[in-house]
Amino acid sequence: MEKIRMLSTLGLMGAMRSLSSAFEAATGIHVDADFAPTLALLRRLRAGEAADLVILTREGLDEVIGEGRVIADSAADLARSYVGLAVRAGQPHPDISSEAALRKALLAARSVAYSRLGASGVYFAQLIVRMGIGTEINAKATIVEQGFTAERLVRGEADLAVQQISELKQVGGIEVIGPVPHELQTPAVFSAGRMTDAKQAKAADRLLRYLASPEVMPVLRRSGLEP
């Protein structure tokens with residue numbers, strides 16, 4: 001069976017599990033996928049890791065296009081994702097509908113889990129500084145080096161978890177409260193491109209066309225993404 005090697009940001013993990021299976025069933029091409037935060041993937045690509053196709057934040061993809069690692073003409077924006085907050089299942093949902101309400105909820109939490117390497121973590125670290133509560137939140141934060149922050153809710157290590165909504169929804173035993181107020185954030189855009197040295201270029205292009213097609217939109221929406 002023909003195989004494509006794909007490196008993808010965690011934000012697409014839920015959707016890609018379903019989409020990869022559908023693609024394989026339709027084409028006979030297997031997608032060998034590895035998921036990690038964008039910053040971790042950028043490090044691996046720069047260290048020489050091989051792949052046929054990558055899915056990163058748009059900013060990350062533009063960086064590797066500029067470095068000659070990804071073919072510019074192959075780039076396609078797949079989906080947008082908003083950063084949200086979650087609690088363990090059954091716990092009260094604090095009001096996060098405004099900046100003032102969000103500040104109150106964050107300060108009241110025993111601990112807030114967020115990612116160090118993911119796009120959501122970089123954004124959240126900057127946000128709490130802009131809100132003037134960076135010192136207070138970081139003093140009690142649970143920093144996740146890699147993986148899903150909502151897992152810390154299930155373990156009882158944090159009261160709130162912050163991450164892309166599409167990533168929060170991949171953890172069982174939690175409830176997504178909702179997005180950070182839209183006026184406080186710009187959605188992350190996840191984009192795909194074919195590697196310059198792809199060994200399976202034609203198959204990778206075929207997968208890219210599929211991922212950019214209207215038929216995948218319902219799957220993206222169910223996973224917490226906006227096509």
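The values are calculated or read from the model by the stated rules, or taken from the named source; none is laboratory data. None of these values were measured; they are calculated from a predicted model. Note: ideal-geometry Cβ built from the backbone for every residue, glycine included; neighbour counts use all protein chains shown.
Looking only at residues in the range 184-207 that are crowded, with 20+ Cβ neighbours inside 10 Å and of a type in the set (A, V, I, L, M, F, W, C), the one that is modelled with the lowest pLDDT is Ala188.
Within this structure, Gly172 passes the test of being in a loop (DSSP other than H, G, I, E, B) and farther than 15 Å from Leu10 by Cα.
Looking only at the range 96-105, residues that are out of contact with any strand residue (DSSP E or B) (no Cβ under 9 Å at 6 or more places or on another chain) and assigned to a loop (DSSP other than H, G, I, E, B) come to 1 in all. Of all residues in the range 147-185, exactly one satisfies the criterion of being of a type in the set (Lys, Arg) and either without any contact (Cβ under 8 Å) to a residue 12 or more places away in the chain or in contact with a Leu (Cβ under 8 Å, 6 or more places away or on another chain) (or both), namely Arg155.
When Lys199 is tested against (1) more than 22 Å from Leu53 (Cβ to Cβ); (2) of a type outside the set (Asp, Glu); (3) outside the structural domain of Ala105 (by TED's automatic domain parsing), only condition (1) is not met.
Among the residues of the range 135-165, write down those that are hydroxyl-bearing (Ser, Thr, Tyr) and under 11 Å from Leu85 (Cα atoms). Hit for the range 135-165 is Thr149, nothing else.
Would you check which residues across the range 106-133 are of a type outside the set (A, V, I, L, M), free of Cβ contacts under 8 Å to residues at least 40 places away in the same chain and part of a helix (DSSP H, G or I) and list them?
Matches in the range 106-133: Gln126, Arg130.
Residue by residue through the range 52-89, note down the ones that are in a loop (DSSP other than H, G, I, E, B) and either in contact (Cβ under 8 Å) with a residue 40 or more places away in the chain or surrounded by 18 or more Cβ atoms within 10 Å (Cβ to Cβ) (or both). Break it down stepwise before answering.
Narrowing the range 52-89 to residues in a loop (DSSP other than H, G, I, E, B): 52, 67-69, 71, 75, 82, 89.
Matches in the range 52-89: Asp52, Gly68, Arg69, Ile71, Ala75, Tyr82, Ala89.
Among the β-branched types (Val, Ile, Thr), modelled with pLDDT of 95 or more, within 17 Å of the chain's Cα centre (by Cα) and surrounded by 15 or more Cβ atoms within 10 Å (Cβ to Cβ): which single residue out of Val162, Val122 fits that description?
Details: Val122 fails: modelled with pLDDT of 95 or more.
Exactly one of Val162, Val122 is among the β-branched types (Val, Ile, Thr), modelled with pLDDT of 95 or more, within 17 Å of the chain's Cα centre (by Cα) and surrounded by 15 or more Cβ atoms within 10 Å (Cβ to Cβ), namely Val162.
The set of residues from the range 1-43 being among the β-branched types (Val, Ile, Thr) and touching a strand residue (DSSP E or B) at 6+ places or on another chain (Cβ under 9 Å) comprises Ile4, Thr9, Ile29, Val31, Thr38. Scanning the range 186-227 for residues that are more than 30 Å from Leu102 (Cα to Cα), of a type in the set (D, E, K, R) and either free of Cβ contacts under 8 Å to residues at least 40 places away in the same chain or in a strand (DSSP E or B) (or both) turns up Arg194, Lys202, Arg209, Glu215.
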